[in-house]
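Data first, discussion second: the structure below is written as C-alpha coordinates.
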Amino acid sequence: MQNRTYSGVFPLLTMLLVVAVLLSACLGATDISIGEIAGAFSKLFHNGNDYTLHERVFLEIRLPRVLFCLLAGAALAVGGVLLQALFRNPIIEPGLIGTSSGAAFGAALYFVTGAMFHFHVGVWMLPLAACAGAMLATFMVLVLSGGKEEGGTGIVTLLLTGIAINALFLSGTGFLSYIARDPQARSITFWNLGTLSGANRESVIITAIVVALCCWRAMACAAKLNLLMLGEAEAQLSGVAVKQLKMEVMIINVVMIAVVTAFTGVISFVGLVVPHLLRIWKGADNRYLVAGGALAGAVLLTVADIAARLLLRPAELPIGIVTSFAGVPVFIFLLRKKKYYF
(Lines give C-alpha, C1' and ligand atoms only; values in the text may rest on other atoms or scores of the structure.)
Protein backbone atom coordinates (compact mmCIF):
# COMPACT_ATOMS: atom_id res chain seq x y z
CA MET A 1 0.00 0.00 0.00
CA GLN A 2 1.60 3.25 -1.14
CA ASN A 3 1.23 5.76 1.69
CA ARG A 4 1.24 8.67 -0.77
CA THR A 5 -1.71 7.20 -2.70
CA TYR A 6 -3.87 6.87 0.39
CA SER A 7 -2.47 9.80 2.37
CA GLY A 8 -5.63 11.92 2.12
CA VAL A 9 -8.15 9.15 2.67
CA PHE A 10 -7.83 8.38 6.34
CA PRO A 11 -7.69 11.97 7.64
CA LEU A 12 -10.79 12.83 5.60
CA LEU A 13 -12.69 9.74 6.78
CA THR A 14 -11.65 10.46 10.37
CA MET A 15 -12.86 14.04 10.07
CA LEU A 16 -16.20 12.88 8.63
CA LEU A 17 -16.48 10.37 11.45
CA VAL A 18 -15.93 13.03 14.12
CA VAL A 19 -18.60 15.27 12.57
CA ALA A 20 -21.05 12.36 12.26
CA VAL A 21 -20.45 11.31 15.87
CA LEU A 22 -21.04 14.84 17.18
CA LEU A 23 -24.29 15.14 15.21
CA SER A 24 -25.40 11.69 16.33
CA ALA A 25 -24.70 12.56 19.97
CA CYS A 26 -26.64 15.83 19.75
CA LEU A 27 -29.66 14.96 17.55
CA GLY A 28 -32.54 12.63 18.26
CA ALA A 29 -35.97 12.51 19.90
CA THR A 30 -34.44 14.89 22.45
CA ASP A 31 -31.74 17.28 21.27
CA ILE A 32 -28.70 17.50 23.55
CA SER A 33 -26.30 20.45 23.38
CA ILE A 34 -22.50 20.25 23.28
CA GLY A 35 -22.44 21.98 26.68
CA GLU A 36 -24.68 19.30 28.19
CA ILE A 37 -22.46 16.58 26.71
CA ALA A 38 -19.37 18.25 28.18
CA GLY A 39 -21.14 18.59 31.52
CA ALA A 40 -22.10 14.92 31.53
CA PHE A 41 -18.50 13.84 30.89
CA SER A 42 -17.19 16.27 33.52
CA LYS A 43 -19.53 14.89 36.19
CA LEU A 44 -18.78 11.29 35.10
CA PHE A 45 -15.01 11.75 35.46
CA HIS A 46 -15.33 13.65 38.76
CA ASN A 47 -17.82 11.18 40.29
CA GLY A 48 -20.63 13.70 40.28
CA ASN A 49 -24.20 12.49 40.85
CA ASP A 50 -26.33 15.58 40.19
CA TYR A 51 -26.97 14.84 36.52
CA THR A 52 -29.64 16.78 34.66
CA LEU A 53 -32.24 14.85 32.65
CA HIS A 54 -30.46 15.50 29.34
CA GLU A 55 -27.07 14.52 30.79
CA ARG A 56 -28.54 11.26 32.07
CA VAL A 57 -30.20 10.57 28.69
CA PHE A 58 -26.86 11.14 26.99
CA LEU A 59 -24.84 8.86 29.27
CA GLU A 60 -27.35 6.03 29.57
CA ILE A 61 -29.00 5.99 26.13
CA ARG A 62 -27.37 8.20 23.50
CA LEU A 63 -23.68 7.43 24.18
CA PRO A 64 -24.02 3.59 24.11
CA ARG A 65 -26.03 3.90 20.90
CA VAL A 66 -23.44 6.13 19.20
CA LEU A 67 -20.57 3.82 20.18
CA PHE A 68 -22.43 0.70 19.15
CA CYS A 69 -23.34 2.27 15.79
CA LEU A 70 -19.65 2.91 15.08
CA LEU A 71 -18.74 -0.70 15.88
CA ALA A 72 -21.64 -2.14 13.85
CA GLY A 73 -20.88 -0.02 10.79
CA ALA A 74 -17.20 -0.93 10.90
CA ALA A 75 -17.97 -4.64 11.27
CA LEU A 76 -20.51 -4.76 8.43
CA ALA A 77 -18.21 -2.92 6.01
CA VAL A 78 -15.13 -4.99 6.87
CA GLY A 79 -17.24 -8.15 6.53
CA GLY A 80 -18.16 -7.10 2.99
CA VAL A 81 -14.53 -6.35 2.12
CA LEU A 82 -13.39 -9.77 3.35
CA LEU A 83 -16.04 -11.77 1.49
CA GLN A 84 -15.60 -9.84 -1.76
CA ALA A 85 -11.85 -10.44 -1.62
CA LEU A 86 -12.25 -14.11 -0.66
CA PHE A 87 -14.71 -14.90 -3.47
CA ARG A 88 -13.09 -12.40 -5.84
CA ASN A 89 -16.51 -11.00 -6.66
CA PRO A 90 -17.76 -7.45 -5.94
CA ILE A 91 -21.43 -8.34 -5.37
CA ILE A 92 -20.93 -10.62 -2.36
CA GLU A 93 -21.89 -9.47 1.12
CA PRO A 94 -22.66 -11.32 4.38
CA GLY A 95 -26.41 -11.12 3.77
CA LEU A 96 -26.13 -12.94 0.43
CA ILE A 97 -24.47 -16.09 1.75
CA GLY A 98 -26.82 -16.66 4.67
CA THR A 99 -24.68 -15.26 7.49
CA SER A 100 -27.07 -12.48 8.53
CA SER A 101 -30.29 -14.53 8.21
CA GLY A 102 -28.68 -17.43 10.08
CA ALA A 103 -27.62 -15.12 12.89
CA ALA A 104 -31.14 -13.64 12.99
CA PHE A 105 -32.63 -17.14 13.25
CA GLY A 106 -30.23 -18.15 16.04
CA ALA A 107 -31.03 -15.03 18.04
CA ALA A 108 -34.80 -15.37 17.48
CA LEU A 109 -34.63 -19.02 18.57
CA TYR A 110 -32.93 -17.93 21.77
CA PHE A 111 -35.51 -15.18 22.36
CA VAL A 112 -38.47 -17.54 22.01
CA THR A 113 -37.17 -20.74 23.60
CA GLY A 114 -35.35 -18.83 26.34
CA ALA A 115 -38.61 -17.15 27.33
CA MET A 116 -40.59 -20.42 27.11
CA PHE A 117 -38.19 -22.46 29.21
CA HIS A 118 -36.87 -19.58 31.37
CA PHE A 119 -33.39 -20.31 30.03
CA HIS A 120 -30.84 -17.52 30.42
CA VAL A 121 -27.13 -17.98 31.07
CA GLY A 122 -25.70 -14.50 30.83
CA VAL A 123 -25.06 -11.71 28.34
CA TRP A 124 -22.91 -13.90 26.09
CA MET A 125 -25.74 -16.35 25.31
CA LEU A 126 -27.42 -14.14 22.68
CA PRO A 127 -24.25 -13.57 20.57
CA LEU A 128 -23.34 -17.25 20.93
CA ALA A 129 -26.79 -18.29 19.66
CA ALA A 130 -26.44 -15.86 16.74
CA CYS A 131 -22.96 -17.21 15.95
CA ALA A 132 -24.29 -20.78 15.92
CA GLY A 133 -27.09 -19.80 13.52
CA ALA A 134 -24.71 -17.85 11.27
CA MET A 135 -22.20 -20.71 11.13
CA LEU A 136 -24.92 -23.23 10.31
CA ALA A 137 -26.39 -21.10 7.50
CA THR A 138 -22.98 -20.22 5.99
CA PHE A 139 -21.82 -23.84 6.20
CA MET A 140 -25.01 -25.00 4.42
CA VAL A 141 -24.50 -22.44 1.63
CA LEU A 142 -20.87 -23.44 1.08
CA VAL A 143 -21.58 -27.20 1.15
CA LEU A 144 -24.74 -27.12 -0.99
CA SER A 145 -23.16 -24.80 -3.58
CA GLY A 146 -20.16 -27.13 -3.99
CA GLY A 147 -17.70 -24.60 -2.58
CA LYS A 148 -14.75 -25.81 -4.69
CA GLU A 149 -16.10 -24.37 -7.94
CA GLU A 150 -14.45 -21.22 -9.17
CA GLY A 151 -15.31 -18.54 -11.71
CA GLY A 152 -18.67 -17.22 -12.85
CA THR A 153 -20.59 -20.51 -12.60
CA GLY A 154 -19.39 -21.11 -9.07
CA ILE A 155 -20.38 -17.60 -7.97
CA VAL A 156 -23.84 -17.88 -9.54
CA THR A 157 -24.38 -21.24 -7.80
CA LEU A 158 -23.20 -19.73 -4.54
CA LEU A 159 -25.56 -16.76 -4.82
CA LEU A 160 -28.57 -18.88 -5.78
CA THR A 161 -27.86 -21.26 -2.91
CA GLY A 162 -27.52 -18.25 -0.62
CA ILE A 163 -30.93 -16.98 -1.73
CA ALA A 164 -32.49 -20.38 -0.97
CA ILE A 165 -30.85 -20.68 2.45
CA ASN A 166 -31.78 -17.10 3.28
CA ALA A 167 -35.42 -17.92 2.48
CA LEU A 168 -35.22 -21.06 4.63
CA PHE A 169 -33.86 -19.25 7.69
CA LEU A 170 -36.16 -16.25 7.24
CA SER A 171 -39.07 -18.71 7.18
CA GLY A 172 -37.77 -20.20 10.41
CA THR A 173 -37.57 -16.74 11.96
CA GLY A 174 -41.12 -16.03 10.72
CA PHE A 175 -42.35 -19.25 12.32
CA LEU A 176 -40.73 -18.32 15.62
CA SER A 177 -42.36 -14.91 15.39
CA TYR A 178 -45.74 -16.60 14.78
CA ILE A 179 -45.55 -18.85 17.86
CA ALA A 180 -44.00 -16.17 20.08
CA ARG A 181 -45.98 -14.17 22.57
CA ASP A 182 -46.95 -10.65 21.53
CA PRO A 183 -44.02 -8.76 23.11
CA GLN A 184 -41.52 -11.27 21.70
CA ALA A 185 -43.17 -11.22 18.25
CA ARG A 186 -43.06 -7.43 18.13
CA SER A 187 -39.41 -7.50 19.18
CA ILE A 188 -38.51 -10.06 16.50
CA THR A 189 -40.40 -8.14 13.79
CA PHE A 190 -38.78 -4.81 14.68
CA TRP A 191 -35.42 -6.50 15.14
CA ASN A 192 -35.62 -8.14 11.69
CA LEU A 193 -35.77 -4.63 10.22
CA GLY A 194 -32.63 -3.59 12.09
CA THR A 195 -32.51 -1.37 15.15
CA LEU A 196 -29.90 0.24 17.37
CA SER A 197 -32.36 1.15 20.11
CA GLY A 198 -31.30 -1.79 22.31
CA ALA A 199 -27.66 -0.69 22.59
CA ASN A 200 -26.38 -0.68 26.17
CA ARG A 201 -23.11 -0.90 28.05
CA GLU A 202 -22.92 -4.71 27.90
CA SER A 203 -23.60 -4.93 24.15
CA VAL A 204 -21.01 -2.20 23.49
CA ILE A 205 -18.34 -4.02 25.52
CA ILE A 206 -19.02 -7.43 23.94
CA THR A 207 -19.15 -6.02 20.40
CA ALA A 208 -16.05 -3.87 20.93
CA ILE A 209 -14.00 -6.90 22.03
CA VAL A 210 -15.18 -9.06 19.11
CA VAL A 211 -14.93 -6.35 16.42
CA ALA A 212 -11.48 -5.20 17.57
CA LEU A 213 -10.09 -8.75 17.48
CA CYS A 214 -11.73 -9.53 14.13
CA CYS A 215 -10.55 -6.28 12.49
CA TRP A 216 -7.02 -6.94 13.76
CA ARG A 217 -7.05 -10.41 12.18
CA ALA A 218 -8.69 -9.01 9.01
CA MET A 219 -5.85 -6.50 8.67
CA ALA A 220 -3.34 -9.32 9.13
CA CYS A 221 -5.03 -11.27 6.28
CA ALA A 222 -5.32 -8.29 3.90
CA ALA A 223 -1.94 -8.69 2.18
CA LYS A 224 -2.58 -12.42 1.62
CA LEU A 225 -6.00 -11.59 0.15
CA ASN A 226 -4.24 -9.28 -2.32
CA LEU A 227 -2.22 -12.27 -3.52
CA LEU A 228 -5.33 -14.48 -3.59
CA MET A 229 -6.98 -12.04 -6.00
CA LEU A 230 -4.31 -13.04 -8.55
CA GLY A 231 -5.56 -16.65 -8.37
CA GLU A 232 -5.18 -19.57 -5.97
CA ALA A 233 -2.20 -21.06 -7.83
CA GLU A 234 -0.35 -17.75 -7.84
CA ALA A 235 -1.10 -17.23 -4.15
CA GLN A 236 0.23 -20.68 -3.27
CA LEU A 237 3.40 -20.04 -5.27
CA SER A 238 3.84 -16.86 -3.22
CA GLY A 239 3.70 -18.85 -0.01
CA VAL A 240 0.06 -18.33 0.98
CA ALA A 241 -1.67 -21.29 2.68
CA VAL A 242 -4.89 -20.82 0.73
CA LYS A 243 -7.12 -23.29 2.61
CA GLN A 244 -6.01 -21.91 5.97
CA LEU A 245 -6.56 -18.34 4.74
CA LYS A 246 -10.08 -19.14 3.48
CA MET A 247 -11.01 -20.80 6.76
CA GLU A 248 -9.68 -17.90 8.84
CA VAL A 249 -11.46 -15.27 6.75
CA MET A 250 -14.77 -17.15 6.94
CA ILE A 251 -14.48 -17.53 10.73
CA ILE A 252 -13.63 -13.83 11.15
CA ASN A 253 -16.58 -12.82 9.00
CA VAL A 254 -19.12 -15.17 10.60
CA VAL A 255 -18.18 -14.28 14.20
CA MET A 256 -18.09 -10.52 13.56
CA ILE A 257 -21.36 -10.35 11.59
CA ALA A 258 -23.16 -12.75 13.94
CA VAL A 259 -22.33 -10.76 17.07
CA VAL A 260 -23.40 -7.47 15.47
CA THR A 261 -26.60 -9.03 14.06
CA ALA A 262 -27.40 -10.51 17.47
CA PHE A 263 -27.76 -7.01 18.92
CA THR A 264 -28.98 -4.99 15.91
CA GLY A 265 -30.94 -7.38 13.73
CA VAL A 266 -30.44 -7.49 9.97
CA ILE A 267 -28.88 -4.34 8.42
CA SER A 268 -28.30 -4.67 4.69
CA PHE A 269 -26.19 -2.95 2.02
CA VAL A 270 -23.48 -1.46 4.25
CA GLY A 271 -21.16 -4.39 3.45
CA LEU A 272 -22.04 -4.14 -0.23
CA VAL A 273 -21.88 -0.40 -0.92
CA VAL A 274 -18.91 0.72 1.22
CA PRO A 275 -16.23 -1.47 -0.49
CA HIS A 276 -17.51 -0.31 -3.91
CA LEU A 277 -17.27 3.35 -2.99
CA LEU A 278 -13.75 2.91 -1.60
CA ARG A 279 -12.58 1.05 -4.73
CA ILE A 280 -13.92 3.81 -6.96
CA TRP A 281 -12.22 6.38 -4.77
CA LYS A 282 -8.70 5.00 -4.48
CA GLY A 283 -8.29 1.37 -5.57
CA ALA A 284 -8.58 -2.27 -4.56
CA ASP A 285 -5.72 -2.86 -2.13
CA ASN A 286 -7.32 -4.89 0.66
CA ARG A 287 -5.15 -3.28 3.35
CA TYR A 288 -6.64 0.08 2.40
CA LEU A 289 -10.15 -1.42 2.03
CA VAL A 290 -10.11 -3.04 5.50
CA ALA A 291 -8.91 0.10 7.31
CA GLY A 292 -10.90 2.51 5.14
CA GLY A 293 -13.97 0.24 5.26
CA ALA A 294 -14.00 0.31 9.06
CA LEU A 295 -14.02 4.13 9.05
CA ALA A 296 -16.40 4.57 6.08
CA GLY A 297 -18.80 1.91 7.40
CA ALA A 298 -18.92 3.68 10.76
CA VAL A 299 -19.62 7.02 9.04
CA LEU A 300 -22.32 5.57 6.77
CA LEU A 301 -24.21 3.75 9.53
CA THR A 302 -23.98 6.77 11.85
CA VAL A 303 -25.50 9.01 9.17
CA ALA A 304 -28.22 6.39 8.55
CA ASP A 305 -28.92 6.25 12.29
CA ILE A 306 -29.29 10.05 12.45
CA ALA A 307 -31.78 9.89 9.57
CA ALA A 308 -33.68 7.03 11.25
CA ARG A 309 -34.07 9.13 14.41
CA LEU A 310 -35.02 12.40 12.72
CA LEU A 311 -37.34 11.44 9.85
CA LEU A 312 -40.30 10.53 12.11
CA ARG A 313 -39.20 12.30 15.29
CA PRO A 314 -40.01 11.66 18.15
CA ALA A 315 -40.62 8.10 16.81
CA GLU A 316 -37.85 6.40 14.82
CA LEU A 317 -37.56 4.26 11.72
CA PRO A 318 -35.85 0.86 11.85
CA ILE A 319 -32.35 1.56 10.53
CA GLY A 320 -32.49 -1.40 8.13
CA ILE A 321 -35.21 0.44 6.19
CA VAL A 322 -33.01 3.53 5.88
CA THR A 323 -29.92 1.58 4.70
CA SER A 324 -32.01 -0.34 2.16
CA PHE A 325 -33.68 2.82 0.78
CA ALA A 326 -30.28 4.48 0.44
CA GLY A 327 -28.30 1.40 -0.56
CA VAL A 328 -30.46 0.00 -3.36
CA PRO A 329 -30.34 3.04 -5.70
CA VAL A 330 -26.63 3.59 -5.01
CA PHE A 331 -25.83 -0.03 -5.78
CA ILE A 332 -27.95 -0.08 -8.96
CA PHE A 333 -26.28 3.16 -10.08
CA LEU A 334 -22.85 1.63 -9.51
CA LEU A 335 -23.77 -1.52 -11.43
CA ARG A 336 -25.17 0.41 -14.39
CA LYS A 337 -22.18 2.73 -14.55
CA LYS A 338 -19.78 -0.20 -13.98
CA LYS A 339 -17.33 2.25 -12.49
CA TYR A 340 -16.00 -0.18 -9.95
CA TYR A 341 -12.68 -1.91 -9.90
CA PHE A 342 -11.72 -5.33 -8.65
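The values are calculated or read from the model by the stated rules, or taken from the named source; none is laboratory data. Keep in mind the model is a prediction, meaning the values are calculated, not measured. We place every Cβ from the backbone using ideal geometry, glycine too, and count neighbours over all the protein chains shown. The area values use the complete protein model at the heavy-atom level, side chains included, leaving out ligands, DNA and RNA. Shrake-Rupley method; radii C 1.70, N 1.55, O 1.52, S 1.80 Å.
Brief remarks on what is shown
- Extension gain for Leu12 to Val143 (0.36 nm times residue separation, less C-alpha to C-alpha distance): 43.0 nm.
- Computed over protein heavy atoms with a 1.4 Å probe, the accessible surface of the chain works out to 47 Å² per residue.
- Order by protection proxy (mean Cβ within 10 Å, highest first), peptides 257-269, 51-63: 257-269, 51-63
- Asp50-Arg201 pseudo-label distance in nm [points 7 Å out on the Cα-to-Cβ vector]: 2.3 nm
- Cβ-Cβ FRET estimate between Leu22 and Ile280, R0 fixed at 25 Å, reported to 0.05: 0.40
- Here each label is just a point 7 Å from Cα along the line to Cβ, and for Ser33 and Arg313 those points are 1.6 nm apart.
- The value of relative contact order for segment 193-342, using C-alpha pairs under 8 Å at least six residues apart, is 33 percent.
- Taking Asn286, Asn192, Asn49 in turn, the Gaussian network model of the chain (Cα-Cα springs below 10 Å) assigns the largest fluctuation to Asn49.
- Using C-alpha pairs under 8 Å with a sequence gap of at least 6, the mean separation divided by the residue count of the chain gives a relative contact order of 31 percent.
- Under the span-like rule (Cα at least 20 Å along the axis, Kyte-Doolittle mean at least 0.0), DSSP H helices of the chain: 9-26, 63-87, 99-116, 125-144, 151-179, 201-228, 242-264, 286-310, 319-337
- Between the beta carbons of Val330 and Ser42, assuming R0 = 45 Å, the FRET efficiency works out to 0.65 to the nearest 0.05.
- Gyration tensor (alpha-carbon) shape descriptor, segment 1-141, a/c threshold 1.5: oblate
- Segment 248-342: translational diffusion in µm²/s, Stokes-Einstein, Kirkwood Rh over Cα pairs, 10 °C, 1.306 mPa s: 110 µm²/s
- Given their separation in residues at 0.36 nm each and the Cα-Cα distance between them, Ala208 and Thr157 gain 14.9 nm when the chain is fully extended.
- Sorted on the mean count of surrounding Cβ atoms within 10 Å across their residues, most packed first, peptides 101-112, 193-204 read 101-112, 193-204.
- Of Phe41, Phe331, Phe68, the residue with the greatest mean-square motion in the GNM of the chain, using alpha carbon springs below 10 Å, is Phe41.
- Taken over the chain, the alpha-carbon convex hull comes to 150 cubic angstrom per residue.
- Based on Cα contacts under 8 Å between residues 6+ apart, segment 171-271 shows a relative contact order of 38 percent.
- Whole-percent carbon and sulfur share, accessible surface of the chain, 1.4 Å: 69 percent
- Efficiency of FRET from Cβ geometry, Leu193 and Ala164, R₀ 30 Å, rounded to 0.05: 0.85
- Packing rank of 8-19, 89-100, where each peptide gets the mean count of other beta carbons within 10 Å, highest leading: 89-100, 8-19
- Highest-MSF residue in the chain out of Ala38, Ala74, Ala307 [GNM, Cα springs under 10 Å]: Ala38
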